[in-house]
Amino acid sequence: MEVSCRVCEKKTELPSKICPVCGLGFVWRKKWQKVWDDVIYCSEKCRRNSRSQVKSDNRQSD
């Protein structure tokens, strides 16, 4: 998704997503401009925690 500079001027109109790990909302950042469609987690910490949750889920199902 390409975000124009006009949208950047109005912070209330920035696209947002919900982090599947912590459940908090987060908004578009300039550094995510080219990869916004691929951004899933709000932070590196949540990305790391998602991996540990998958591992623990696999252990519980065995």
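The values are calculated or read from the model by the stated rules, or taken from the named source; none is laboratory data. This structure is a prediction, so every number in the text was calculated from the model and none was measured. A quick note on method: Cβ atoms are made from the backbone with ideal geometry, for glycine too, and the neighbour counts reach across all protein chains shown.
Odds and ends about this structure:
- Candidate set from the stretch 14-42 (those that are among the aliphatic types (A, V, I, L, M), farther than 21 Å from S52 by Cβ and outside any strand (DSSP E or B)); member that is modelled with the lowest pLDDT: L14
- When E2 is tested against the conditions (1) at pLDDT 70 or above; (2) loosely packed, with under 10 Cβ neighbours inside 10 Å, the lone failure is (1).
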